[in-house]
Amino acid sequence: MKMLAAAFCVLGGGILFSTAAQGISTAPEPPKFKIEIRATGEKGQGPSFAVTNLTAKTVTACVFEQSYPSQGARKATMVWDALVQGDIAIEPGQTALRPLIPTAGNALPNKVEVIAGIWADGESFGPPKWAGNIFNNRALRASENEDAAAILQQGLDQNWDRNQYQQAFSDKPDSGPVYIVRTALTATQQTGQTPQEFTHTMQFLLQSFKQQADKLRKSIPH
């Protein structure tokens, strides 16, 4: 199961979006976040910044804008989404660390701001296009989990062996769930799982994908 746990972490990191949507509710006042840049990494980690939630609401996604004055006032945006990346939402008063994005020449930003985001209740703040991007990405990830779950359910119903699962996932587009299944199939072969243990692993993945899809669907406003 350690290999499976590691596979579930592949979705971490920043996410960039381009699709926009309209009609998402926004807060009248910009919420307050405290951000501290830590150019020197701790415990072997690279440069990062600490973001503290100074509001009274839990935030599940943020859009960070990083400014690079040494690069001609260049700016870069990075999206962090706890629901997609398997991370922990930032509760009121809590602090989370996020990696800084260096530019060519390893130049680091001198300023990081939260320009948009999603609260745990589904409300959003900042430009509506960012909320649309985040919700669209959540819907896409939910579909990927649902598609993988459907194949696993078919395999369990028909009592597939490892080769049949491998064949079913061999031509599927690369996605987080597909990668996890492929990793699990390799791991179970290396560890020599019994048929009963193999079935249990497939059932575990099925339930995990269903739960993730359900969580993502419920986070998207109708």
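Against the numbered list (1) in a loop (DSSP other than H, G, I, E, B); (2) modelled with pLDDT of 50 or more, Lys34 comes up short only at (1).
On the stretch given as region 157-172, residues that are open to solvent by less than 100 Å² (accessible area, probe 1.4 Å) and either in contact with an Asp or Glu (Cβ under 6 Å, 6 or more places away or on another chain) or under 19 Å from Glu144 (Cβ atoms) (or both) total 6.
Quick check on region 123-144: of everything there that is open to solvent by less than 20 Å² (accessible area, probe 1.4 Å) and under 17 Å from the mean Cα position of the chain (by Cα), which residue is farthest from Pro31 (Cα to Cα)? The qualifying residue farthest from Pro31 (Cα to Cα) is Ala142.
Kindly evaluate Ala184 against the criterion of being open to solvent by less than 40 Å² (accessible area, probe 1.4 Å), under 24 Å from the mean Cα position of the chain (by Cα), within 30 Å of Thr95 (Cβ to Cβ) and among the small types (Gly, Ala, Ser). No, not satisfied. Counting only residues that are open to solvent by 10 Å² or more (accessible area, probe 1.4 Å) and either assigned to a strand (DSSP E or B) or among the hydroxyl-bearing types (Ser, Thr, Tyr) (or both), which one in region 61-77 is modelled with the lowest pLDDT? Only one residue fits best here, namely Ser70. The single condition among (1) at negative phi; (2) modelled with pLDDT under 95; (3) assigned to a loop (DSSP other than H, G, I, E, B) that Asn106 does not satisfy is (1). Checking Thr26, Thr55, Thr19 one by one, the residue that is modelled with pLDDT of 65 or more, β-branched (Val, Ile, Thr) and over 13 Å from Leu97 (Cβ atoms) is Thr55 and no other. Quick check on my filter: what residues within region 78-103 are at pLDDT 90 or above and among the hydroxyl-bearing types (Ser, Thr, Tyr)? The answer is Thr95, and nothing else.
Determine, yes or no, whether Gln196 is open to solvent by 90 Å² or more (accessible area, probe 1.4 Å), over 21 Å from Leu83 (Cβ atoms) and either part of a helix (DSSP H, G or I) or among the hydroxyl-bearing types (Ser, Thr, Tyr) (or both).
Working: open to solvent by 90 Å² or more (accessible area, probe 1.4 Å): yes; over 21 Å from Leu83 (Cβ atoms): yes; either part of a helix (DSSP H, G or I) or among the hydroxyl-bearing types (Ser, Thr, Tyr) (or both): yes.
So Gln196 passes the test.
For region 112-191, the helices (runs of 4 or more DSSP H) that sit wholly inside it and include 3 or more residues that are in contact (Cβ under 8 Å) with a residue 60 or more places away in the chain are 128-157, 176-191.
Evaluating Ala120 against the criteria (1) open to solvent by less than 50 Å² (accessible area, probe 1.4 Å); (2) under 20 Å from Asn53 (Cβ atoms); (3) among the aliphatic types (A, V, I, L, M) leaves one unmet condition, (1).
The values are calculated or read from the model by the stated rules, or taken from the named source; none is laboratory data. Computed from a predicted model, the values in this text were never measured in an experiment. Glycine also receives a Cβ, built like all others from the backbone with ideal geometry; neighbour counts cover every protein chain displayed. Remember, those area values only see protein heavy atoms, side chains included, never the ligands or the DNA or RNA. Shrake-Rupley method; radii C 1.70, N 1.55, O 1.52, S 1.80 Å.
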